[in-house]
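The values are calculated or read from the model by the stated rules, or taken from the named source; none is laboratory data. Since the structure is predicted, the reported quantities are computational estimates derived from the model, not experimental observations. Positions of Cβ are backbone-derived with ideal geometry, glycine not excepted, and every protein chain shown enters the neighbour counts.
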């Protein structure tokens with residue numbers, strides 16, 4: 001039987017349906033209000049952040065000094081006196097854990113914002129721990145990552161408690177002191193929560209932000225709401241040999257074997273592309289605000305999915321990273337002399353695994369491949385990927401609603417967090433774990449977070465305080 005006439009009929013019909021859907025799915029938001037001016041209250045918040053930045057709170061296990069944290073904690077008590085008069089401080093090694101007592105112990109909420117920062121290397125426009133204010137920006141290490149978020153959380157709660165705020169349910173705030181290094185503080189907190197049978201209605205941490213120029217064709221700001229997080233694995237691959245002088249080389253040079261393995265990883269699809277629910281929801285959320293060609297493709301993923309899986313990673317590396325487990329080689333070592341064949345050569349890779357792919361699955365696949373090149377495999381560090389929070393949960397919908405109030409003209413988007421956060425260690429303690437910091441940042445400012453000239457906007461800080469003020473005030477203990 002000749003099916004060609006049937007195909008010729010079905011294909012135009014499908015394309016027509018897709019085009020109609022794309023035309024009908026168009027949405028438009030008014031332009032945002034901008035962040036060109038700040039209020040007197042914003043300046044007061046900025047001055048608090050300045051004083052927080054001035055402490056060099058690098059994690060002790062990363063070479064920092066405990067005295068800096070001790071003085072920093074004293075300063076927090078001065079900056080937020082109402083907050084510290086009302087909260088219960090729980091002694092945890094490596095973290096500050098505070099509880100605002102509610103009328104019920106059931107369904108508490110948790111907000112995280114770490115206090116430690118990374119080293120500040122290179123030539124900065126302003127000293128990295130000065131907290132200098134220039135024009136509309138606050139400069140310094142930690143301004144965005146993550147003292148800016150902590151300042152906005154504490155400022156909002158300070159204002160609420162000064163207004164005799166009494167939450168319906170307990171609210172916990174955690175600020176760890178080693179998020180950038182070992183994550184020992186959040187692990188201690190996790191153990192405390194489990195030992196005391198504390199499970200949360202919602203958990204909110206960094207990991208997404210409000211930014212622009214993320215998706216092609218969208219002029220509005222986008223609020224990226226991290227609903228899941230990739231895993232983190234460091235693996236060292238080693239090639240052994242008998243060594244010897246370079247003048248009389250033998251077969252199977254360890255560097256050549258490593259090079260063959262690395263080339264295989266770079267040129268073959270080791271990990272399969274997958275579109276997880278969070279990423280599919282992201283495409284569904286952004287497509288109505290894009291130009292027609294993007295609405296046509298992303299809005300009809302059911303048809304164009306196979307094509308998009310090939311094209312999207314080539315267009316945007318960040319989107320590509322959300323579609324598969326990634327592996328990047330970051331370090332290598334061989335002989336210490338130019339004329340000596342190494343007895344041991346190594347290459348270290350960093351892997352970011354997709355949710356749903358276990359550490360055993362990922363490391364097993366790489367280990368089997370490494371054996372073909374006669375390489376040994378050693379896992380140096382590991383953290384499993386998180387579970388996924390539903391974009392339809394009460395917590396996510398409430399956060400989107402607050403964003404629309406505080407940041408009008410902003411597109412709200414589910415998102416997969418690529419980096420590592422504290423809350424990934426809390427998987428299983430809540431049905432709604434969200435990664436989002438309500439600080440608006442540009443692409444250049446994001447790049448400076450672990451780089452040079454980290455900074456945050458004064459008006460942006462004020463909006464973040466407004467966000468947390470509404471977030472805390474509206475907590476009703478509703479289940480996810």
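A few remarks follow.
- Meets criteria (modelled with pLDDT of 95 or more, touching a strand residue (DSSP E or B) at 6+ places or on another chain (Cβ under 6 Å) and under 26 Å from residue 140 (Cβ atoms)) for residue 456: yes
- Flag for residue 143 being crowded, with 23+ Cβ neighbours inside 10 Å and closer than 19 Å to residue 426 by Cα: no
- Residue, farthest from residue 180 (Cα to Cα), within region 24-62, restricted to residues that are outside any helix (DSSP H, G or I) and modelled with pLDDT of 95 or more: 54
- Here residue 228 passes the criteria (1) in contact with a strand residue (DSSP E or B) (Cβ under 7 Å, 6 or more places away or on another chain); (2) under 19 Å from residue 419 (Cα atoms); (3) modelled with pLDDT under 95 except the one numbered (3).
- Some residue of region 361-377 being in a loop (DSSP other than H, G, I, E, B), free of Cβ contacts under 8 Å to residues at least 40 places away in the same chain and either over 23 Å from residue 198 (Cα atoms) or in contact with a strand residue (DSSP E or B) (Cβ under 9 Å, 6 or more places away or on another chain) (or both): no
- Filter pass, residue 355 being assigned by TED's automatic domain parsing to the domain that holds residue 247, at pLDDT 85 or above, in a loop (DSSP other than H, G, I, E, B) and touching a strand residue (DSSP E or B) at 6+ places or on another chain (Cβ under 6 Å): yes
A quick yes/no check of all residues on (1) in the same structural domain as residue 64 (by TED's automatic domain parsing); (2) at pLDDT 95 or above; (3) under 13 Å from residue 205 (Cα atoms); (4) in contact with a helix residue (DSSP H, G or I) (Cβ under 6 Å, 6 or more places away or on another chain):
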| residue | (1), (2), (3), (4) |
| --- | --- |
| 106 | yes, no, no, no |
| 118 | yes, yes, no, no |
| 124 | yes, yes, no, no |
| 129 | yes, yes, no, no |
| 136 | yes, no, no, yes |
| 147 | yes, yes, yes, yes |
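- Region 172-191, subset touching a strand residue (DSSP E or B) at 6+ places or on another chain (Cβ under 6 Å) and surrounded by fewer than 24 Cβ atoms within 10 Å (Cβ to Cβ), residue farthest from residue 225 (Cα to Cα): 188
- Residue check for residue 223: at pLDDT 95 or above and touching a helix residue (DSSP H, G or I) at 6+ places or on another chain (Cβ under 6 Å): yes
- Residue satisfying all of: in region 250-303; exposed (fewer than 15 other Cβ atoms within 10 Å of the Cβ), on the phi < 0 side of the Ramachandran plot and outside any helix (DSSP H, G or I); modelled with the lowest pLDDT among these: 250
- Per-region count, region 109-136, residues within 23 Å of the chain's Cα centre (by Cα) and surrounded by fewer than 19 Cβ atoms within 10 Å (Cβ to Cβ): 3
- Considering residues of region 327-345 that are buried (at least 19 other Cβ atoms within 10 Å of the Cβ) and at pLDDT 95 or above only, the residue nearest to residue 242 (Cα to Cα): 345
- Residue check, residue 431 surrounded by fewer than 20 Cβ atoms within 10 Å (Cβ to Cβ) and under 15 Å from residue 211 (Cβ atoms): no
- Only residues that are crowded, with 19+ Cβ neighbours inside 10 Å and under 19 Å from the mean Cα position of the chain (by Cα) were counted across region 354-382, and they come to 3.
- The residue list 238, 246 contains one member that is surrounded by fewer than 22 Cβ atoms within 10 Å (Cβ to Cβ), outside the structural domain of residue 427 (by TED's automatic domain parsing) and under 19 Å from residue 375 (Cα atoms), which is 238.
- Applying the criterion of being part of a strand (DSSP E or B) and under 19 Å from the mean Cα position of the chain (by Cα) to the residues of region 431-480, the residue that is farthest from residue 390 (Cα to Cα) is 455.
- Odd one out for residue 106, checked against (1) surrounded by 15 or more Cβ atoms within 10 Å (Cβ to Cβ); (2) more than 19 Å from the chain's Cα centre (by Cα); (3) assigned to a strand (DSSP E or B): (1)
- Among the residues of region 380-396, just one is modelled with pLDDT of 95 or more and part of a helix (DSSP H, G or I), namely 396.
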